[in-house]
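Let me begin by presenting the structure, written as structure tokens, before commenting on it.
The values are calculated or read from the model by the stated rules, or taken from the named source; none is laboratory data. All values derive from a computational prediction rather than experimental measurement. Note: ideal-geometry Cβ built from the backbone for every residue, glycine included; neighbour counts use all protein chains shown.
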Amino acid sequence: MNRIMIITTGAVLLASSFNASAISEAYRKQLARSGCTQLTDGNGCDSHKTRAENFPPKNSTAPATPAATAMSGPAAGVAHDLDKKVVGKYQGQAVDAMITDGWKRLNTRGTKWSKAGFTAEFDINTNGQVMGTVVHPQ
């Protein structure tokens, strides 16, 4: 009887001493280096890049790009239509909307798109939400 108790206690102690985690320590460090989480990795955040590459600083003092200032005519109309579909949505939802609307993805992050002679780019905040789109003719 004592032998069974000792074996059972030893098995319980041995089983409880292992650290069960959902991700490896190497992957955890990779996520910390990149600024990604398990949810955002592969959904707009690349765990193989650094935090600075994934989240470049927004320089509000930089001059406006020609594409941003030249949005008029058909490009402005396309941007307005896209904004209605994607602004305020998280990047994954916006990607789904773009695919449904027939846009072709131009980069792996899903932030640059092409359709009918136009190129569209998402302006995404650090929370992963689309703040607007910039559209220009190709």
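Quick notes on this structure:
- On inspection, Thr133 passes the criterion of being closer than 25 Å to Gly35 by Cα, β-branched (Val, Ile, Thr), in the same structural domain as Gly73 (by TED's automatic domain parsing) and buried (at least 16 other Cβ atoms within 10 Å of the Cβ).
- For segment 74-91, a residue qualifies if it is under 15 Å from the mean Cα position of the chain (by Cα) and surrounded by fewer than 15 Cβ atoms within 10 Å (Cβ to Cβ), and exactly one does: Gly88.
- Gly102 at positive phi, at pLDDT below 85, out of contact with any Gly (no Cβ under 7 Å at 6 or more places or on another chain) and surrounded by fewer than 10 Cβ atoms within 10 Å (Cβ to Cβ): no
- Screening Lys89, Lys115 for residues that are touching a residue at least 12 places away in the same chain (Cβ under 8 Å), charged (D, E, K, R) and closer than 21 Å to Asn54 by Cβ leaves exactly one candidate, Lys89.
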